Each structure stands twice: as structure tokens, then as C-alpha cells.
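The values are calculated or read from the model by the stated rules, or taken from the named source; none is laboratory data. Since the model is a prediction, treat every value here as computed from it, not as a measurement. Note that each Cβ is placed from the backbone with ideal geometry, even for glycine, and that neighbours are counted across all protein chains shown. Areas reflect the complete protein model, heavy atoms only, side chains present, ligands, DNA and RNA absent. Shrake-Rupley method; radii C 1.70, N 1.55, O 1.52, S 1.80 Å.
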Amino acid sequence: RESAQELAVFWQGVGQLTEGRKWLDLYVGRASPADAAYPRILRFAAFFAASRDDHEEALRLASDLLHLAQERDDALLQGEALHAQAVVEQRRGNAERSIFLFESALALFRKTENQRNVLVTLLNLSNILMVSSSLERSAAFLDEAERSARSIGDDELTGLALGLRASLALQLGRLDEAERLFGEALAVQRACGSARRIEDLNSLAEVKAK
């Protein structure tokens, strides 16, 4: 069962989501909620379903996870369930509902002092707020996210925060700032071998072409 969780991380990392979902659904259908690995695998199963645009199944799995977390009075697990629901709602185009759920998850992650979950949620919030044209709020979350990423030494998420800051600068028409930030993001991602460096290289080229 622990190996199933490790495989879920692997499948997510290499993008084999269809294969991963097949095995995770099989595990969830047969396992007991009392299993130690069950909540984490349920969370992965929800994300994998969402990635294949099976929104109803993803929400059902995330709701099951939330009920389990509430039964256990586990604030961290509740935050993860709400975060999963937020991702699904974002993919469905329900921005307002998604923002509410991300903010609810963020409050629980702050309460449990889970710094990495706080960081990931800040990045998610900043991204959806940017898309929703709430640029000031997006900038505030991004500033905190970048500081947090640097403080825990997570280069990949630091690069992601820089890339999002560059996108925000580009949206505001600050081309010089956007070019500088995309360049910084690219350097950080190149150094840590992040696959996102291609995306930021393309973005940097677009800025230079303007």
C-alpha cells in the first residue's frame, strides 16, 4: 500500500496519468479507509480523475476524502481535501468557487503550519486570481509565495513563482520587468532541471518579440 502511494508520485511526475488512474481506482475500490495510505491515495485518485476531466468522479473522491478527514478531526487532511476540490472547480471554470476553496484550504494549512502546502496553495491562488483579473491580490500572494519558496529552498517552486510574477508583469504591460523575471525563472529552473523551463523559455521569447 505504501508502494501504491510511491507509484502515484511516480505516475504524476512522469505524466502517466491514465495508467496511474487505472491502478489507483482499483486500489480505492478494494482498500479499507482504515489503511494508513488510504487518504493520500484517495487524494491522488481525485487529482488524476480531474486531470482526465472526469470532474464528477474527482469531486466525489475529494468529498470522500473530506468526510474521512472530518471524522478523524484531521485539519491537514481537511485542507488537502478542500485543495483537491478547488483544483477540480478551477478546471471546470468555476473561478469564484475555486478561490473560496483554495482560501479555505490555505487557512487550514496555515493552522497546521504545513509550509509546503501553504506555498503550493499561494501559487494556485495567485494564478487563478491573475486569470480572474484580481491583479493586486494575485501580486500579494505571489510575493509571499516567492519568499516562502526561497526560505525552504525549493528551487522548482521558486522558479514557478518567478514565472507567475513575470506573467503578471506582462499582463500589466511591464515588459522590461517581465523579461527580467522570465530570465530569472528560466535560470532557476535550468539549475534544478525543472521541466517547466521550456514553458518559460517560450514566454521569454514572446516578451522579446514584443
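Miscellaneous remarks
- Per DSSP, loop GluC sites (Glu not before Pro) in region 87-116 with at most 16 further Cβ within 10 Å: GLU113
- Gyration tensor (alpha-carbon) shape descriptor, region 59-144, a/c threshold 1.5: oblate
- Alpha-carbon centroid distance for the pair region 138-176 / region 44-58, whole angstrom: 27
- Cα lying deepest toward the dipole's positive end in region 52-190, options ALA161, ALA86, SER98, charges on Cβ: ALA161
- Loop-located trypsin sites (Lys or Arg not before Pro) in region 33-129, at most 14 other Cβ atoms within 10 Å (DSSP): ARG52
- With all protein chains in place and ligands, DNA and RNA left out, the 1.4 Å accessible area ranks VAL88, VAL131, VAL120 as VAL131, VAL120, VAL88, largest first.
- Tensor-based shape of region 123-163 (alpha-carbon gyration tensor, a/c under 1.5 rounded, otherwise prolate or oblate): prolate
- Overall form of region 95-149 per C-alpha gyration tensor (a/c, 1.5; a/b vs b/c): oblate
- Scalar couplings 3J(HN,Hα) for region 41-57, obtained by applying the Karplus form with A = 6.51, B = -1.76, C = 1.60 to θ = phi - 60°, are 5, 4, 5, 4, 4, 5, 5, 5, 5, 4, 5, 9, 6, 8, 5, 5, 5 Hz; x denotes Gly and Pro.
- Figure note: HIS83, HIS55 ranked by solvent-accessible area, largest first, 1.4 Å probe, ligands and nucleic acids not counted: HIS55, HIS83.
- With a cut-off of 13 Å between beta carbons, the residues surrounding LEU66 carry a summed charge of -2, where Lys and Arg count +1 and Asp and Glu -1.
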